[in-house]
Every structure is written in structure tokens, then in C-alpha cells.
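Colleague: My questions all concern the structure below.
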Amino acid sequence: MWRFGARSIARRLFLASAAACIVVLTAAGLVLTALYRDTAEAALDDQLSVYLRALVANIAASRDEAGDAGQLAEPQFDLPFSGWYWQVTRLDVSPPDIRASRSLFASRLPRLPEADADPDQDGRRRGNVVGPDKKPLHMLERVINAGDQGQFLVQVAATTQTVDQQVKEFEIDLGVTFFILALLLVAAMGIQVRYGLRPLRQLRRDVVAVRRGRAEGVSGEFPREIAPLADELNLLIGANREIVERARIQVGNLAHALKTPLSVIVNEADAEDSPLARKVSEQAEVMRDQVKFYLDRARAATRAGAIGASADAAAALAAMERAFAKIYPAIDLAVDCPSDLRFRGEKQDFDDMAGNLIDNACKWANAEARVAVEPLNSPDRDRLFLRLTIDDDGPGLVAERREEAMRRGRRLDESKPGSGLGLSIVADLAAAYGGRLELADSPLGGLRALLTLPALPRD
């Protein structure tokens with residue numbers, strides 16, 4: 001499918017090629033029309049030259065007065081105002097003796113202006129005049145000296161309407177031909193543009209496959225102009241994965257490096273029963289919780305920056321539904337998720353966020369909990385989202401406590417057994433992916449959690 005956007009390469013190539021085609025065909029049409037007109041006028045000029053030579057030959061061969069109408073036995077010279085005329089004028093007598101074709105009827109041919117028509121090597125002068133019927137004529141004239149017979153001005157003229165009509169018909173035929181040719185050329189250019197940009201479309205599909213987690217890198221053979229770009233993309237993807245992996249390793253090393261000193265501090269503090277020892281033990285536990293909290297955030301931010309990670313939302317939620325149904329058999333848990341929705345990120349992060357919220361809903365629900373997933377429309381076409389809506393029929397949570405839980409990262413299940421990441425880490429993790437977590441009142445009477453996360457385009 002073609003996409004001719006405002007900044008489309010295909011559109012630019014197509015419009016540039018079409019404009020060049022129109023310019024070239026227009027210029028070719030004008031040149032060919034001018035050449036055809038020149039050829040038609042040259043043919044008319046040659047024909048008039050033949051008639052002029054015939055009249056000159058008749059005068060030279062005759063001893064009588066300059067020829068009569070029978071000396072050019074062409075039908076067009078006999079029809080009145082046919083557009084074809086000849087006229088022979090004896091100049092050395094007064095008044096001049098004029099003999100002309102019948103087509104002139106009672107009219108006379110004018111002479112060419114001296115300044116506008118220079119004679120050629122044969123003494124002929126040519127130019128355009130207005131004929132007796134007010135129509136333009138192309139005329140040839142020559143002055144000859146016949147010795148004792150006298151001096152004569154020989155003129156032959158023909159209408160230019162025939163040439164104009166021929167040129168007009170040629171222009172129509174040429175226009176139709178060039179129009180069909182232009183359509184064929186535009187179609188050929190469209191095919192050429194589409195074929196020429198095919199490697200770019202393939203490269204785009206490969207990049208999309210990488211972004212959706214369906215491929216490890218860009219593969220396939222590309223033209224020489226695009227192959228370096230594909231190689232650089234593969235290097236960039238590899239560098240991104242290396243950075244993510246190094247960050248994970250560093251975070252893990254930091255966790256292990258801090259875990260041992262904190263454990264030693266707690267053990268030493270527990271060995272004594274004094275206010276100082278109890279305070280040290282208490283603050284060490286706070287430090288442990290804070291280290292875990294920020295290490296989890298660092299891991300989440302690192303995974304969120306990875307290229308090509310994706311998770312099947314329906315499959316992950318189905319597995320959670322089975323697991324929580326066994327953990328909370330008294331809770332009616334229902335999950336509704338389209339099968340083609342995919343989270344754009346690490347599966348572990350999706351499991352952590354969704355699992356924490358579902359676990360929280362099941363813990364506080366009286367009898368039922370509902371999970372619904374839907375694609376979320378976004379004004380930005382390049383970014384798609386999915387929204388998880390988790391409802392329960394528990395006691396709910398007042399607005400002040402919602403803000404406190406989101407701000408401080410405190411778990412809402414402190415009176416319940418179990419463990420979890422807490423709402424704040426879920427909110428931070430969602431934010432790392434460009435999403436968000438919102439809390440509201442549920443139609444079931446308890447708490448509603450709205451988790452918005454980036455998604456991949458639906459196939």
C-alpha cells in the first residue's frame with residue numbers, strides 16, 4: 001500500500017519524476033510542433049518555387065506577351081479566391097501590363113516590402129502578405145529581365161490556412177499521443193518508485209519485528225545503498241542489549257555488595273539487647289527496604305529501555321488467573337483480555353505490575369475481582385497503549401490513602417499476609433515505560449486500579 005505523506009520519499013520521487021516527465025513532454029511537443037510547421041512551410045515554399053520556375057520558363061520561352069491563364073494548368077488557379085494565385089506584371093511599360101490567374105478574379109497581388117524580404121541567390125524574395133479575400137498568403141516573387149520581351153515581376157502565392165490546419169491536426173494527434181505516453185510513463189514511474197523503495201519497506205518490517213520482539217535483529221540481503229544502514233541498526237540493537245545487560249549485572253552486583261554488610265549489621269545488633277542495638281536493627285531494616293526499593297526501580301528502568309522486548313498480555317494474565325484462583329479459592333476472579341494484545345516491554349515487568357495489582361485486589365475483595373484489558377486510543381499514532389482495569393468489591397480506599405500509597409510506596413496489604421512490590425514501585429515501573437497507574441472507586445464497591453502501559457500494534 002502506498003503512503004504519500006507530506007514528508008514521503010515516495011511522494012517526492014513520484015512528483016519529481018512526474019514533473020520532469022511533463023516538462024520534457026511539453027518541451028518535446030513544442031519542438032516537434034515547431035519542426036513540423038517549418039517542414040510544412042518549407043514544403044509549401046518548394047511547391048510555390050516550382051510554380052514560379054514554370055512561369056519564368058514560360059516567359060523566357062514565349063515571344064508573345066506574358067503568359068495567360070493556360071500557362072499554369074492547375075485547378076486551384078482557376079477557382080475564384082481558392083487561395084492559390086499567380087500574377088505576372090511587365091514593369092517596363094506604362095501602365096504596367098498585368099496578367100494573373102483566374103483565381104484572383106478582379107483582384108491583384110501586393111508586392112512584398114523591400115525592407116522585409118531580401119532576395120536569395122536565385123533572386124527570389126519570399127514573405128507573407130494579406131490576400132484579396134483578407135486571408136494571409138505566403139508569396140514568392142522574382143523580377144526577371146527577358147531582354148527584348150521586357151522586365152517582369154513574377155509572383156506566386158498560396159494561403160497559409162492549409163499549413164495552419166495541418167499544424168493544428170498535428171498538434172491534436174501529438175497531444176493525444178503524448179497524453180497516453182505521459183500516463184504510461186507516470187504508471188511506469190510509480191512502479192519504479194514502488195520497486196525501488198521495496199528494500200526500505202523490508203527494512204521497516206524488520207525493524208518493527210525487532211521492536212515487537214519477534215526477531216533478534218535486521219536480517220536479509222539489501223542493496224549496497226541500504227546495507228550499511230541495516231548493519232548500523234544491528235550494531236545499535238546489539239549495543240543497546242549490551243548496555244541493558246551490563247546495567248542488570250551492575251544492579252545485581254550492587255544488591256549483593258549491600259546485602260552482606262546489612263546482614264552483618266542486623267546480626268550484630270540482634271546479638272545485643274539495648275536501645276542502641278534495637279535502633280540500629282530498625283534502621284538497618286529500613287535501609288534494606290530502601291535498597292530493595294531503589295534496586296527494583298533501577299532494574300525496571302533498565303528493562304524499560306531494552307529494544308525488542310514484548311509480552312503476550314492474554315497469556316500472562318491467563319497464567320495469573322489460574323495461579324490466583326488456587327491461592328484465593330473463595331474469590332471469584334474473572335479476566336477478560338483480547339488475545340492479540342501485547343505489552344511492549346519485558347514480560348517479568350508486566351507480571352510484576354499486573355500480578356501485584358491482582359494480588360492486592362484478591363486480598364481485599366469480599367467475593368469477586370474483575371480484570372479487563374482493552375486497547376487505548378492515543379492521538380499519537382506512533383504510540384499505542386493498553387489499559388488494565390482491576391476492580392474488587394472490598395472496602396476500597398479513601399482518596400487520602402491513595403495519594404499516600406502512591407507517594408510513599410507503602411503496601412496496602414500491611415494487615416494481610418504475603419509480599420509485593422507496592423503501589424509506588426508499580427507506578428514507577430509504569431512511568432519508566434511511559435505509562436501510568438491511577439486509583440479510583442470501583443463499580444463493585446471497592447478499589448479500581450487503572451494501569452496504562454505501552455502496547456504493540458495489533459496484527
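Colleague: Test of understanding: express the Cα radius of gyration of segment 122-265 as a ratio to 2.2 N^0.38 Å, with N the residue count.
Modeller: Against the empirical 2.2 N^0.38 Å value, I get 2.88 for segment 122-265.
Colleague: In degrees between 0 and 90, to the nearest 10, how far off the longest principal axis of the chain does helix 313-327 point, with axes built from Cα atoms?
Modeller: 10 degrees
Colleague: Give, as a single signed number, the net charge of other residues whose beta carbon lies under 13 Å from the beta carbon of GLY238, with Lys and Arg counted +1 and Asp and Glu -1. Mind dumping the intermediate values first?
Modeller: On the way: positive: ARG241, ARG246; negative: GLU216, ASP231, GLU232, GLU242, GLU245.
Here the count lands on -3.
Colleague: Here's another thing I want to ask about it. Measure of size requested: the Rg and Dmax of segment 11-53, with Cα atoms as the atom set and Å as the unit; please supply both.
Modeller: 18.4, 62
Colleague: Roughly how much of HIS256 is accessible, in Å² to the nearest 10, using a 1.4 Å probe?
Modeller: 130 Å²
Colleague: Sum up the charges of everything whose Cβ sits under 9 Å from the Cβ of LEU444, counting Lys and Arg as +1 and Asp and Glu as -1, but leave LEU444 out.
Modeller: Value of the local net charge: -2.
Colleague: Oh, and also: For a quick protection proxy, order the peptides 160-166, 389-395, 258-264 by their average other-Cβ count within 10 Å, most packed first. Walk me through the intermediate numbers first.
Modeller: On the way: 160-166: 15.1, 389-395: 21.7, 258-264: 12.3.
Result, highest mean first: 389-395, 160-166, 258-264.
Colleague: State the answer as a single residue: which of ALA100, ASN128, GLY29 lies farthest towards the positive end of the charge dipole of the chain, with beta carbon charges of +1 for Lys and Arg and -1 for Asp and Glu, about the Cα centre.
Modeller: Working it through, the farthest residue towards the positive pole turns out to be GLY29.
Colleague: Let me ask something else. Using protein chains only and a probe of 1.4 angstrom, how many square angstrom of ARG322 are accessible, to the nearest 10?
Modeller: Roughly 150 Å² of ARG322 is accessible to a 1.4 Å probe.
Colleague: With all protein chains present, calculate the accessible area of TYR433 using a 1.4 Å probe and round the result to the nearest 10 Å².
Modeller: Here the residue's solvent-accessible area equals roughly 20 Å².
Colleague: Placing one identical point scatterer on every Cα of segment 85-206 and ignoring solvent, what is log10 I(q)/I(0) from the Debye formula at q = 0.09, 0.12, 0.14, 0.19 Å⁻¹?
Modeller: Taken in order of the listed q values, log10 I(q)/I(0) reads -0.49, -0.63, -0.75, -1.06.
Colleague: Follow-up. Which one, LEU447, ALA271, HIS138, projects farthest toward the positive side of the charge dipole computed for the chain from Cβ point charges (K/R +1, D/E -1)?
Modeller: The residue sitting most towards the positive pole is ALA271.
Colleague: Can you order the peptides 247-253, 370-376 by their average number of other Cβ atoms within 10 Å per residue, highest first? Don't skip to the answer; put the middle values down first.
Modeller: Numbers: 247-253: 13.4, 370-376: 17.4.
Result, highest mean first: 370-376, 247-253.
Colleague: Explain nothing, just the number: dipole magnitude of the chain about its Cα centre with +1 on each Lys and Arg Cβ and -1 on each Asp and Glu Cβ, in debye rounded to the nearest 20. All intermediate terms of the calculation are to be shown ahead of the outcome.
Modeller: Numbers: 59 positive and 65 negative charges, 185 e Å.
Charge dipole of the chain: 880 debye, to the nearest 20.
Colleague: Taking segment 105-199, which chymotrypsin sites (Phe, Trp or Tyr not before Pro) meet the DSSP loop condition and have no more than 15 other C-beta atoms within 10 Å? It would help to have the intermediate numbers written out before the result.
Modeller: Details: sites: PHE105, PHE152, PHE170, PHE178, PHE179, TYR195; in loops: PHE105.
Those that pass, being in a loop and sparsely packed, are PHE105.
Colleague: Let me ask another. Taking a ≥ b ≥ c as the square roots of the Cα gyration tensor eigenvalues, with a/c under 1.5 meaning rounded and otherwise prolate when a/b beats b/c, else oblate, which class fits segment 118-174?
Modeller: prolate
Colleague: Okay, moving on. What is segment 343-396 by shape, rounded, prolate or oblate, if you read a ≥ b ≥ c off the alpha carbon gyration tensor as root eigenvalues and call it rounded for a/c under 1.5, prolate for a/b larger than b/c, and oblate otherwise? Intermediate values should be presented prior to the final figure.
Modeller: On the way: a/c = 3.94, a/b = 1.84, b/c = 2.14.
Oblate, since a/c reaches 1.5 and b/c is not below a/b.
Colleague: Of ASP45, ASP231, which has the most accessible area with a 1.4 Å probe, and how do the rest follow in descending order? Walk me through the numbers on the way to the answer.
Modeller: Working: ASP45 20, ASP231 90 Å².
Sorted by accessible area, descending: ASP231, ASP45.
Colleague: Using a 1.4 Å probe and counting only protein heavy atoms, arrange LEU384, LEU295 so the residue with the most accessible area comes first. All intermediate terms of the calculation are to be shown ahead of the outcome.
Modeller: Working: LEU384 60, LEU295 20 Å².
Largest to smallest exposure gives the sequence LEU384, LEU295.
Colleague: Next up: Where does helix 347-364 land angle-wise versus the long Cα axis of the chain, in degrees 0 to 90, nearest 10?
Modeller: 50 degrees
Colleague: At 1.4 Å probe size, with every protein chain present, just tell me what the per residue accessible area of segment 224-285 comes to in Å². Working shown, then result.
Modeller: On the way: 4510 Å² over 62 residues.
Here the per-residue accessible area is 73 Å².
Colleague: Right, next: Can you give the convex hull volume of the alpha carbon atoms of the chain per residue, in Å³?
Modeller: Per residue, the Cα convex hull of the chain comes to 285 Å³.
Colleague: With all protein chains present and a 1.4 Å probe, how do ASP38, ASP349, ASP206 order by accessible area, largest first? Intermediate results must be reported in sequence, preceding the final value.
Modeller: Numbers: ASP38 90, ASP349 0, ASP206 20 Å².
Final ranking, largest accessible area leading: ASP38, ASP206, ASP349.
Colleague: At 1.4 Å probe size, with the rest of the protein present, what percent of the exposed accessible area of the chain is carbon and sulfur atoms? Present the calculation step by step, with values, prior to reporting the outcome.
Modeller: Values: 14710 of 26490 Å².
About 56 percent, which is the carbon plus sulfur part of the accessible surface.
Colleague: How tilted is helix 227-270 with respect to the longest principal axis of the chain? Cα atoms for both, answer in degrees (0 to 90, nearest 10).
Modeller: Its long axis makes an angle of about 10 degrees.
Colleague: Say the dipole of segment 166-254 comes from +1 at the beta carbon of Lys and Arg and -1 at that of Asp and Glu; which of VAL208, ALA247, MET189 then lies farthest toward its positive end?
Modeller: Toward the positive end, the furthest listed residue is ALA247.
The values are calculated or read from the model by the stated rules, or taken from the named source; none is laboratory data. These figures come from a predicted structure and were not determined experimentally. Methodologically, a virtual Cβ is constructed for each residue, glycine included, from the backbone with ideal geometry; neighbour enumeration extends over all protein chains shown. When the accessible area is computed, the model is the full protein with side chains, heavy atoms only, and any ligands, DNA or RNA have been set aside. Shrake-Rupley method; radii C 1.70, N 1.55, O 1.52, S 1.80 Å.
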